[in-house]
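Scroll down for the structure; my scribbles are underneath it.
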Amino acid sequence: MDNWDKTNGKEGGTIKEKNDDFIQACNTSSGVIISSNGGRGVMAILNDSLLTKLGQSQKWICGMSDTTTLLNAVTYREKLITLYGIDLLWGLGKFLTDKYAITFEKIIESGKLDSLNSFSLKNIANGSKIVRGRIMGGCLTSFCYLLGTKYDPMSLIDEPFILVLEDILDNLGDIEDKFYQLRLNPSFTSKCSGLILGNYLSDSSKESNKKVQKKALTVFQDSNLPIFVSTEIGHGLPNIPLPIGGMLEIHDRNIYWSV
C-alpha cells in the first residue's frame, strides 16, 4: 500500500497511515490482506468505521503476534473468519514449511478448514470431554488488551469458544497474571469450553512451555476446563494458519474443523 515504507519510531507509519493503508487494501481486487510483521500499536487503529470496512470487504485478513487484537475484533464484530499465525516476516519468511504452505493455500483458495484435521493436540487436563467451540485468541498479551473494551470478543460472542493462548515469555509472573485476568472474566467463565496452549518463545522454549503449562493447570484447575497443548501454534515455530472464528470440535485426539 502507499505507506508501506513509512516509519513511526519502531513501528510502521502513523495511526492515520496504517488506517489509510487498510482502507486502500479493502478497495483493491486482492483477496488477501496480510501484515508484514507484528508490532505494538494495533489497538490504536481499531475503530468502528475500519472494522466495518474490513468486514464488508470479505477478504482474508492474516497476521500474527500483536495483530491478534485486530483479527479477533474483526472476527467477532463483523462475523468474518480471519487467519492467525501467517505474516510476511515470521510466517511466510521464516517458518512456513511445505505442510503449512499447502494448508494456507487450501484455506484461502477454497475455505476448506478440514485441511487442518491432521494437526495434533495433546490433552493435559480433563480430557474425557468432547470439546466444541469457535476459535478465539492468539498472542496472550495482545488478546488481553481487548478485554473490557467494546471489541472484547468474549463479550461479543453468543456461543461457546475455545481460547488459544501463546506469547513471547519475558516474565512468567506476567503470564500468570493474564491467566487470572481471563479466569476472573464472567464471559470466560460462562462461554469458554476449552483452552489450547501454544508455544511460549524464549531462549529455551521447551522449558518455558513446561512452566507456562504448570501455571495454567494451577490457575484454571477449578474451572474444570479441558486444556490442550500444541507445538504447532505460537511464536518461533512453524505455525498452523489458525482460523480465528472457525469452529473446532475435539474428540480425544481427533480434531474437526468447519466454518
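Of the candidates D66, D48, the single residue that is buried (at least 20 other Cβ atoms within 10 Å of the Cβ), within 20 Å of T149 (Cα to Cα) and of a type in the set (D, E) is D66.
In the list G41, G93, which residue meets the criterion of being outside the structural domain of R183 (by TED's automatic domain parsing) and at positive phi? Walk me through how you get there before you give the answer.
Working: G93 fails: at positive phi.
None of the other options fit; the residue is G41.
Under the condition of being more than 19 Å from Y145 (Cβ to Cβ), surrounded by 13 or more Cβ atoms within 10 Å (Cβ to Cβ) and of a type in the set (D, E), the residues counted in the range 1-45 number 3.
Would you mind stating whether I244 is at negative phi, buried (at least 22 other Cβ atoms within 10 Å of the Cβ) and at pLDDT 95 or above? Write out each step before concluding.
Working: at negative phi: yes; buried (at least 22 other Cβ atoms within 10 Å of the Cβ): yes; at pLDDT 95 or above: yes.
The answer is yes for I244.
Within the range 113-126, the set of residues being small (G, A, S) and closer than 12 Å to N254 by Cα comprises S118, S120. Within the range 157-173, residues that are closer than 24 Å to L248 by Cβ reach partners that are of a type in the set (F, W, Y) with beta carbons closer than 6 Å, at six or more positions or on different chains, in the pairs I157/Y76; D167/Y200. Within the option set K18, K53, being more than 17 Å from T82 (Cα to Cα), touching a helix residue (DSSP H, G or I) at 6+ places or on another chain (Cβ under 6 Å) and assigned to a helix (DSSP H, G or I) holds for one residue only, K18. Contact map, the range 99-111: residues that are modelled with pLDDT of 90 or more paired with residues that are among the charged types (D, E, K, R), Cβ distance under 8 Å, separation 6+ or inter-chain. Pairs shown: K106/K112.
Of these, F119, F104, which one is of a type outside the set (V, I, T), more than 15 Å from T69 (Cβ to Cβ) and either in contact with a Phe, Trp or Tyr (Cβ under 7 Å, 6 or more places away or on another chain) or in the same structural domain as L70 (by TED's automatic domain parsing) (or both)? First the steps, then the outcome.
Numbers: F119 fails: either in contact with a Phe, Trp or Tyr (Cβ under 7 Å, 6 or more places away or on another chain) or in the same structural domain as L70 (by TED's automatic domain parsing) (or both).
None of the other options fit; the residue is F104.
Under 25 Å from L92 (Cα atoms), touching a Lys or Arg at 6+ places or on another chain (Cβ under 6 Å) and not assigned by TED's automatic domain parsing to the domain that holds L92 - does that describe any residue in the range 202-221? No, that holds for no residue.
The values are calculated or read from the model by the stated rules, or taken from the named source; none is laboratory data. Worth saying up front: this structure is predicted, and the values here are computed from it rather than measured. All Cβ positions, glycine included, derive from the backbone under ideal geometry; neighbour counts span all protein chains shown.
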